[in-house]
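Undergrad: What follows is a structure written as structure tokens; I'll ask about it next.
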Amino acid sequence: MTLEQIQDGQVLLVDKPLDWTSFQAVNKIKFKLKREFKLKKIKVGHAGTLESKATGLLIVCTGKATKKITEIQDAPKEYWAEIKIGAQTESYDTEKPEILHQDYQHITENIIHETLAKFEGEIEQRPPIFSALKIDGERAYNLARAGEEVAMKSRKTVIHYIKDIEIQLPNIRFTVGCSKGTYIRSLAHDIGQALEVGAYLTQLRRTKIGDYSVDNATDIYLSNDFRFEEI
């Protein structure tokens, strides 16, 4: 990759590893670009946050390609998810410990399939309190971690499909296609509420954003020994 290509703008498909924030990934790439091409500044941004407990496709744009960020963010997303029923967590994922354990032995595969089908289409969803959304200028997760009461407003989102369902109780795995702004953590929580046994997200991997696929992504942009001009 040449300096001219970087300045003209590149769309980099990154396979984000577990426990990296999107901010950390962007900073890593920005630092490498400035070092490798001896730049004082360069525009670098990501097209849609991927939470630290999730892996998969993170799209990073450089230079003039940052103008595409809004367009990419608006595209539908696809995720592979694993949820665990019979327990909940405050964060709706593995960041917080399990609470509210409930017996799930009466839950059958038919009940699960029928319940998941009810979530397809337009739904009302309340984002997790442990999220990056701002409330009065402050990140919701900062307020939640400080022990303050956080009231999240529900909003409409669209679940295009839930497919490839695998059931190995207490775990349920599936692929979900959704509109922008959908929280799969909230979907996991809401599925648990619908089943009346609780549930939380144990694994999440973003596989697609619009026409971009994680199959074409790499984690090499985040490696310590990578040089951009070697692409």
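The values are calculated or read from the model by the stated rules, or taken from the named source; none is laboratory data. Keep in mind that what you see is a predicted model, and the values were worked out from it rather than measured. Here the Cβ is made from the backbone with ideal geometry for all residues, glycine too, and neighbour counts use every protein chain on show. Surface areas here come from the heavy atoms of the whole protein model, side chains and all, with no ligands, DNA or RNA. Shrake-Rupley method; radii C 1.70, N 1.55, O 1.52, S 1.80 Å.
Undergrad: Any residue at all in region 143-150 that is open to solvent by 30 Å² or more (accessible area, probe 1.4 Å), under 25 Å from S179 (Cα atoms) and either at pLDDT 65 or above or part of a helix (DSSP H, G or I) (or both)?
TA: no
Undergrad: Would you list the strands (runs of 3 or more DSSP E) that sit entirely within region 154-231 and hold 2 or more residues that are farther than 27 Å from L100 by Cβ, at pLDDT 95 or above and touching a Leu at 6+ places or on another chain (Cβ under 9 Å)?
TA: Once the strands (runs of 3 or more DSSP E) in region 154-231 are filtered for at least 2 residues that are farther than 27 Å from L100 by Cβ, at pLDDT 95 or above and touching a Leu at 6+ places or on another chain (Cβ under 9 Å), what remains is 199-209.
Yes or no, residue by residue, for (1) hydroxyl-bearing (S, T, Y); (2) touching a helix residue (DSSP H, G or I) at 6+ places or on another chain (Cβ under 7 Å); (3) in a helix (DSSP H, G or I); (4) at pLDDT 90 or above:
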| residue | (1), (2), (3), (4) |
| --- | --- |
| K34 | no, no, yes, no |
| G45 | no, yes, no, yes |
| T49 | yes, yes, no, no |
| C61 | no, yes, no, yes |
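Undergrad: Limited to region 67-85, what total is found for residues that are of a type outside the set (G, A, S) and open to solvent by less than 30 Å² (accessible area, probe 1.4 Å)?
TA: Total meeting the criteria: 8.
Undergrad: Next up: How many residues does region 86-101 hold that are charged (D, E, K, R) and in contact (Cβ under 8 Å) with a residue 60 or more places away in the chain?
TA: 2
Undergrad: I'd like the residue in region 84-138 that is farther than 19 Å from P170 by Cβ, of a type in the set (G, A, S) and more than 20 Å from the chain's Cα centre (by Cα) and, out of all such residues, is modelled with the lowest pLDDT.
TA: G137
Undergrad: Name the residue that is nearest to E109 (Cα to Cα), counting only residues in region 157-216 that are surrounded by fewer than 20 Cβ atoms within 10 Å (Cβ to Cβ) and among the small types (G, A, S).
TA: A194
Undergrad: Something else now. Has region 92-109 got at least one residue that is farther than 26 Å from V158 by Cα, touching a strand residue (DSSP E or B) at 6+ places or on another chain (Cβ under 6 Å), open to solvent by less than 30 Å² (accessible area, probe 1.4 Å) and not in a helix (DSSP H, G or I)?
TA: Taking every residue of region 92-109 in turn, none turns out to be farther than 26 Å from V158 by Cα, touching a strand residue (DSSP E or B) at 6+ places or on another chain (Cβ under 6 Å), open to solvent by less than 30 Å² (accessible area, probe 1.4 Å) and not in a helix (DSSP H, G or I).
Undergrad: In region 7-27, how many are assigned to a helix (DSSP H, G or I), surrounded by fewer than 19 Cβ atoms within 10 Å (Cβ to Cβ) and not hydrophobic (A, V, I, L, M, F, W, C)?
TA: Of the residues in that region, 4 qualify.
Undergrad: Out of (1) within 14 Å of the chain's Cα centre (by Cα); (2) surrounded by fewer than 16 Cβ atoms within 10 Å (Cβ to Cβ); (3) of a type in the set (D, E), the odd one out for E51 is which?
TA: Here E51 meets the rest and fails (2).
Undergrad: For region 7-51, enumerate the residues that are touching a residue at least 40 places away in the same chain (Cβ under 8 Å) and among the hydroxyl-bearing types (S, T, Y).
TA: Across region 7-51, the qualifying residue is only T49.
Undergrad: Let me ask something additional. When residues of region 28-39 are filtered for being among the acidic types (D, E) and open to solvent by 30 Å² or more (accessible area, probe 1.4 Å), how many remain?
TA: 0
Undergrad: Still on this structure: So L116 fits all but one of (1) in a strand (DSSP E or B); (2) out of contact with any Lys or Arg (no Cβ under 9 Å at 6 or more places or on another chain); what number is the exception?
TA: It is condition (1) that L116 fails.
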